[in-house]
Amino acid sequence: MDDKPHKAHRPSQSGAKAEKKDKAKGKEKKRGFNEKAFAPKSGRRADRQGRRNVERDQTRLHVPLVDRTPDEDPPPVIVAIVGPPGVGKTTLLKSLVRRYTKQTLSEAKGPITIVSGKKRRITFIECNNDINSMIDIGKIADLVLLMIDGSFGFEMETFEFLNILQAHGFPKVIGILTHLDLIKKASTLKDTKKALKRRFWTEIYQGAKLFYLSGVLNGRYPDTEIMNLSRFISVMKFRPLVFRNSHPYLLADRIEDLTPRELIRTSKGKCDRTVTVYGYVRGTNLRLGTKIHIPGVGDLDMSSVTVMGDPCPLPTAESEKRRKLSEKKKLLIHAPMSDVGGVMYDKDAVWVNVPGSFTRGNRDAPQGEGEQMVMDLQDVDATLEDRVAQSSIRLFGTSSQALKVDSSPIRRDEEGSSDEDDEEEEEDEHSDSGIGSEEDESDFEDQEEDDEGLTENTHNTGRAGRRIVTRSLPSSSKKEKADVEYADSDSDLGEDEDMDRIGKRVRLDEDEEDFDIPSDEEGLEDDEDEESIPKWKANLTEHQTDDDDFFQVKNKQADDSEVLDAGKEPIDPESLKKWEDEDMLESIRHLFITGGDGPPVEGEGVEGEDFGEGEGGDEEEGGSEMGDAEARPSDPAADRAATLAAKKELLKKKFDEQYDDPEGPKMDFYDEKKDEISRQLALNRAEFENVDSEARALIEGYRPGQYVRIELQDVPCEMIENFDPTYPIIIGGLLPSEERFGYVQVRVKRHRWYSRTLKTNDPLIFSLGWRRFQTIPIYSLDDHSIRMRMLKYTPEHMHCYATFYGPVTLPNTGFCAFNSLASDVAGFRVSATGVVLDIDRSTKIVKKLKLTGVPYKIFKNTAFIKDMFSTSLEVAKFEGANIRTVSGIRGQVKKALPKPEGCFRATFEDKVLKSDIVFLRAWYSIQPRKFYNPVTSLLLSEKSKWAGMRLTGQIRRDEGIKTPLNVNSTYKKIERAPRRFNPLVVPKKLQAALPFASKPKLMKAQKNQTYLQKRAVVMEPEEKKALALMQQIRALRKDQVSRRHEKKEEKKTERAKKLEKEEAKRAEKDKERKKDVMRMAGQKSKREAELEDGRGRTKRRKT
Amino acid sequence: MAQPSSVIHFSGHQHFRNRLALSILSGKHVRIDRIRSEDKNPGLRDYEISLLRLLEKFTNGTIIEISVTGTAILLKPGVILGGTLQHDCPTSRAIGYFLEPIIMLAPFAKKPASVTLRGITTDEHDLSADILRTVTLPHLQLFGISQGLELRIKKRGAAPGGGGEIQFLCPIIKQAKTVNFIDPGKIKRIRGIAHAVRVNPQLSNRMIEASRSILNRYIPDIYLYSDVYKGDESGKSPGYALTLQAESTTSAIYCAEAISEPGVAPEDIGLKATRALLAEVEKGGCVDQKHQCLVLLMMVLGSEDVGRCRMGEPTSKTIQFLRDIRSFFATSFKIVPADTADPECTQLTYSCYGTGYVNANRTLA
């Protein structure tokens, strides 16, 4: 529908519209550029405007960061598609893949790599709704396509994801609104778009890009909209993120289990696995020998890393001439976990899907990757064995006979996807490296051994699994041997800790030792007799010549005298003898600034060069000196040319400096830094350019952009058993310091959308660095810079410190924390965010401890205090401590009393009361619990159901256990006896002496009736009358009041009735509205269900 | 719970200090066994024990297990703490022995270090306090460790009595700068310190004169200081020494030292030092032999960029150090002849790709 060509626009030639346009045209011409319009009116304003411009320029600058991603052959950009279920992620993924490669995926699982342009590849990955996946994806995605259901609005997961992103360095985010076709009314659509856009902008930044995708056509989004989106993606620039630019990482797009089948069978699938993962190296260089972390699995060791042929290579120079990407390249797609080209990599097999009928000769039928692979296999005329036998490899350049390799080297079967030629090359590389150095020789031999092992079984195998059985055998036996060797070593330190690991290391080092340590001895011995050969070279020759003497050397070491670990080499008087010679002294004159150009060389004078007169000479001369020192070929003509060139270069530089910018260096700090960075990067590229790949990997590791295969040992079997391609597998490299554990101090703030406060000693799940783990933090605040004071709960709207036991992470790394990762949790799950401050092996957190006591004997300012301590030893510890009474009298602990035990003498600034409570404020230091529980979500069959340590209360609730109750802890009614105060007794003598006013008033109340009370009253007749009248008036009044009251009551009831009626009416209305809302919700869910249904149906139809 | 880090295993007592320093920097556990197990006096020496004590004080959470016989140790390193610290070094080794590993660790500590060491300041085996001050510290400056870097010689102490005292102040850094030092330049100045304690101060002048008799021919910019400590500051034993240092136009520094020997005239000591310096100058490079390890270590600890340095051929100690670096940091060096055009040239260019080591011990805020 969209492809149908539209009718071209024909502007009207006559009528009102045409006239209007004509008029406008005239105006346009007249307008032109008005200089005055934008000129400032006053000098002050001009000044202000200029300043503002400069400031705005400054805001555009960012801290110069090194981008470690190489310019040529960068790894594919990771584009993650994130959103709630049913929002159209898979549809978008399929549409984008279709747009780039013209292939329709029936099942999009795992990362999908495609070539998007001449210099860019893209790895698409869809993120499911599990928060674990969201965390992992957030750590590696370069660009996030955040999908939002336009008809529904933002969901909680979206906000959670944005907060996760924020904590781990914000990658680029493009919002995509879908399901907009469900909003029928145009005005509602407009309003919705506007509202969602505003919300999105507040979350990301003002002006963040938001795409709108209308309905679905043929199971895809409209082509034009997808094209627009893809254009945005392909021009997107990425700012380097700090964490990713200091760690190597991989997004595994393929994973294979190499464990021998037999081992799996015998252990019933419960043995640790050997696993290979494949992916592009990203971030920094990946080094073999460092540890890696797979989020959701744990820390693992890499046993080998191999560079593979790029499965999805960028177009090369031959296609470079063209402006556009050629159609052939466009079709490249690498997605081992999805069934692209009819090939599907299962857990333990490769399936090739062939649609309809398939015959070999049928050339016109489209052939997928899989068919091609199988057909290639069929085309082979000679076996690999034969081919390898034909090829001749020499171990050394001098050796006359070629190496005989009886069978194919290992790593054959794993790289099914790369084509034959690639394999050949790789193999060659392998053997080359073996030749290179003696150090590798042993490795090579090992490999050979393995190969020999292979020969026995290769004849009868057709499957990948069986071949590898033999492969593992030698290594295991080797381990045993190592253990035996280790047994005769003279200590047992740390053996119990990890015997297995040490054993492995020992094997390595034992090899090395045979080589290395004696070599030093040899070097030292050699020093005396042969001086002429450079020491390091001497060592080398030693190795090559007498290999047989290996074990004899050791004996020498035994009776060798003590070798001091000295900073200085002892000065050999013999070697200094030569400096008594005058010629010798003269021979090094050229090394001093007064000495001229170089060592005096006979026969060849340096023509046209005067000897420099020290540093006073001008630039040109200095340059010639240097140029000369560097280039000293035997050919004088070439020499002269070189010097001339160097001279010219220098002159040119000088000229440029002087005339290009006469005010000297104009580079500001920012440009300088950027220049420095780019220069360093250029050096990085250039330095190892022509080193062979094996040595290069040894020196600088595996560069980002290389497609590597990493072999991992001892991988938990559950990772393979419960492998699910929809969950991303990330291999994150660890820095040397990050393998360690310690107390990590972080600055943390409870998320304002998280509804509960966080409590000290409650387990919390952190996402920090690559890792996700549960640990137990203790919250604290800095108390006047004196102490770290424990907090029981996190403060509201404020940062506080948290300290927990966990893996060391570099300070300034962001993190986010969760109380639960389960998907059934209502409300916001990100409970806190923060940043790492400090790493240590001990903590200084204290909590307040108040010791209380009561005085039992009081002198003037001294009191004896009991009940604070139980022994005099405790008192002795607190001698001189400050104490205080509740009423605020300060004092000091003096000394323990001999009797009763635990009581002490204390002095106060005033007399204390016996009823006062005395307390001592002390600080008790606490350590966080050493609890570290990695979130092993990838090992579970139901990956979102990971459950960490529960709270005690939760366990009791789940198990139905009653809280144990200590009798002494129960709350009882506090019986406070009424305080009785004794009457004040004034001695009689004193009483007598007191003046009357001060005398205590001791009169008692009268008990007998007084006269006034007991007299009889007889009234006069007038009086009687008056009284009667008064009584009548009162009676009347009473009656009136009661009647008024009655009336009021009546009115009240009437009003209540009326109110009741109104209330009923309102309730009716409410009910109606609720009904409406529910109906809407019902419709939506029904629609969703239908959508699901529809998808299911299409799937069925396809299969 | 916490996965145990891998243990790296070594045998023999050689290269003890470097291995400890590397272990603490990398955080990897290290096991060293067969320490003089064949010796008549097996096990760790007193100075090695003292060094372990010093390292334990300098770090937090370090666990050192020594076997009963003393022939094996297991080191589980903690975090480098730094801070103020005093240590009495045994007189069996000079202060240089203890200070060298501290110099490697101190820039990556939690707090700026201020370490006071007491003992012998100059002896024939270890770098003297003068070399450490005038040569080692400038080498650290190549890596951006400069502000507040200082070594104060408060008292001098000659062997065997000792009694010297030095104070080492070192700032902390976030990351070592990448060094690119391939131009050795030409020597522009020579400095020297001739010190004499508890002997006739004239001896130092005699050494200086002897030294000048050779050096004067080369450049005019030669200053040799006579440094005489008196009274309480001169330690417990008599002795004198001459330390020479030659600096090039690109501030490459070469150094040499000769110390008093019984029955040798001070002139001969002066000549010995001078000739040793000339031998060092002849070897060339940008870093002298005694500091190869330090420079290579700091190159490995730099940011993830290529660092280059031109040096003479590696000493046997350096070779083993490079191997140890490979086992601790999984990094190797590319070593090629510095001057491919000149077959006579024995100098080599060492280049490596830094590990991106960041001072994780540093406290934020």
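The values are calculated or read from the model by the stated rules, or taken from the named source; none is laboratory data. Predicted model only: the values in this text are computed from it and were never measured. Cβ coordinates were reconstructed from backbone atoms using ideal geometry, including for glycine residues, and neighbour counts include every protein chain displayed. What goes into the accessible areas is simple: the full protein's heavy atoms, side chains included, and nothing from ligands, DNA or RNA. Shrake-Rupley method; radii C 1.70, N 1.55, O 1.52, S 1.80 Å.
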Taking first residues from region A:33-55 that are closer than 26 Å to A:Asp668 by Cβ and β-branched (Val, Ile, Thr) and second residues anywhere that are at pLDDT 90 or above and surrounded by fewer than 11 Cβ atoms within 10 Å (Cβ to Cβ), the pairs with Cβ under 7 Å that are 6 or more apart or on different chains are none
Restricting to region A:805-821, name every residue that is more than 14 Å from chain B (Cβ to nearest Cβ), touching a Ser or Thr at 6+ places or on another chain (Cβ under 7 Å) and open to solvent by 20 Å² or more (accessible area, probe 1.4 Å).
A:Asn819
In this structure, does B:Lys40 turn out to be touching a Pro at 6+ places or on another chain (Cβ under 9 Å) and of a type in the set (Lys, Arg)?
no
Return the pair list, or none, for Cβ contacts closer than 7 Å from residues in region A:63-80 that are in contact (Cβ under 8 Å) with a residue 24 or more places away in the chain to residues that are of a type in the set (Gly, Ala, Ser) and part of a loop (DSSP other than H, G, I, E, B), at least 6 apart or on different chains.
A:Pro70/A:Gly705; A:Asp73/A:Gly705; A:Pro74/A:Gly705; A:Pro75/A:Gly705; A:Ile78/A:Ala141; A:Ala80/A:Ala141
Residue among A:Tyr754, A:Tyr743 that alone is surrounded by 21 or more Cβ atoms within 10 Å (Cβ to Cβ), aromatic (Phe, Trp, Tyr) and over 15 Å from the mean Cα position of the chain (by Cα):
A:Tyr743
So, restricting to strands (runs of 3 or more DSSP E) that lie completely within region B:13-129, which ones have at least 3 residues that are open to solvent by 10 Å² or more (accessible area, probe 1.4 Å) and not hydrophobic (A, V, I, L, M, F, W, C)?
B:82-88, B:111-119
Selection from region A:917-952 of residues basic (Lys, Arg) and open to solvent by 70 Å² or more (accessible area, probe 1.4 Å) yields A:Arg921, A:Arg929, A:Lys930, A:Lys945, A:Arg950
Which ones in region A:906-916 are in contact (Cβ under 8 Å) with a residue 24 or more places away in the chain and surrounded by fewer than 17 Cβ atoms within 10 Å (Cβ to Cβ)?
A:Thr907, A:Glu909, A:Asp910, A:Lys911, A:Leu913, A:Lys914
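Those residues that are assigned to a helix (DSSP H, G or I) and acidic (Asp, Glu), I need them from region A:1005-1058; list them, please.
Answer for region A:1005-1058, where residues must be assigned to a helix (DSSP H, G or I) and acidic (Asp, Glu): A:Glu1022, A:Glu1023, A:Asp1039, A:Glu1046, A:Glu1049, A:Glu1050, A:Glu1054.
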Answer from A:Pro716, A:Pro763 - the residue that is touching a residue at least 60 places away in the same chain (Cβ under 8 Å) and either open to solvent by 20 Å² or more (accessible area, probe 1.4 Å) or within 11 Å of chain B (Cβ to nearest Cβ) (or both)
A:Pro716
So, in region B:348-361, exactly how many residues are in contact with a helix residue (DSSP H, G or I) (Cβ under 8 Å, 6 or more places away or on another chain) and either more than 9 Å from chain A (Cβ to nearest Cβ) or part of a loop (DSSP other than H, G, I, E, B) (or both)?
8
When region A:922-950 is checked residue by residue, the ones that are under 18 Å from A:Trp770 (Cβ atoms) and not in a loop (DSSP other than H, G, I, E, B) are A:Tyr932, A:Asn933, A:Pro934, A:Ser937, A:Leu938, A:Leu939, A:Lys943
Among the numbered criteria (1) out of contact with any helix residue (DSSP H, G or I) (no Cβ under 8 Å at 6 or more places or on another chain); (2) within 14 Å of chain A (Cβ to nearest Cβ); (3) in a strand (DSSP E or B); (4) open to solvent by 50 Å² or more (accessible area, probe 1.4 Å), which single criterion is violated by B:Lys188?
(1)
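Residues are listed down the side, and each one gets a yes or a no for (1) open to solvent by 20 Å² or more (accessible area, probe 1.4 Å); (2) at pLDDT below 90; (3) not in a loop (DSSP other than H, G, I, E, B):
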site	(1), (2), (3)
A:Glu689	yes, yes, no
A:Glu694	yes, yes, yes
A:Val708	no, no, yes
A:Glu711	no, no, yes
A:Pro728	no, no, no
A:Val748	no, no, yes
Determine if region A:875-884 includes at least one residue that is open to solvent by 40 Å² or more (accessible area, probe 1.4 Å), under 30 Å from A:Gly742 (Cβ atoms) and not in a strand (DSSP E or B).
no
Is it fair to say A:Ile125 is more than 16 Å from the chain's Cα centre (by Cα), under 20 Å from A:Asp253 (Cβ atoms) and surrounded by 24 or more Cβ atoms within 10 Å (Cβ to Cβ)?
yes
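One line per residue, one yes/no per condition, for (1) modelled with pLDDT of 95 or more; (2) open to solvent by less than 20 Å² (accessible area, probe 1.4 Å); (3) out of contact with any helix residue (DSSP H, G or I) (no Cβ under 8 Å at 6 or more places or on another chain); (4) within 11 Å of chain A (Cβ to nearest Cβ):
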position	(1), (2), (3), (4)
B:Ile214	no, yes, no, yes
B:Asp221	no, no, yes, yes
B:Val228	no, no, no, no
B:Gly231	no, no, yes, no
B:Gly235	no, yes, yes, no
B:Ala241	no, yes, no, no
B:Thr250	no, no, yes, yes
B:Ile259	no, no, no, yes
B:Pro266	no, yes, no, no
Name the residue that is surrounded by the most Cβ atoms within 10 Å (Cβ to Cβ), counting only residues in region B:328-343 that are more than 8 Å from every other protein chain (Cβ to nearest Cβ) and closer than 17 Å to B:Lys283 by Cβ.
B:Ala338
Please specify each residue of region B:156-176 satisfying the condition of being surrounded by 18 or more Cβ atoms within 10 Å (Cβ to Cβ) and of a type in the set (D, E, K, R).
B:Arg156, B:Glu165
Could you tell me whether region A:961-977 includes any residue that is assigned to a helix (DSSP H, G or I), open to solvent by 100 Å² or more (accessible area, probe 1.4 Å) and aliphatic (A, V, I, L, M)?
yes
Testing A:Val744 on (1) more than 14 Å from chain B (Cβ to nearest Cβ); (2) part of a strand (DSSP E or B), one condition comes back false. Which one is that?
(1)
Has region A:1072-1092 got at least one residue that is of a type in the set (Ser, Thr, Tyr) and either at pLDDT below 95 or within 30 Å of A:Thr90 (Cβ to Cβ) (or both)?
yes
When region B:273-287 is checked residue by residue, the ones that are open to solvent by less than 10 Å² (accessible area, probe 1.4 Å), at pLDDT 90 or above and more than 9 Å from chain A (Cβ to nearest Cβ) are B:Leu277, B:Cys286, B:Val287
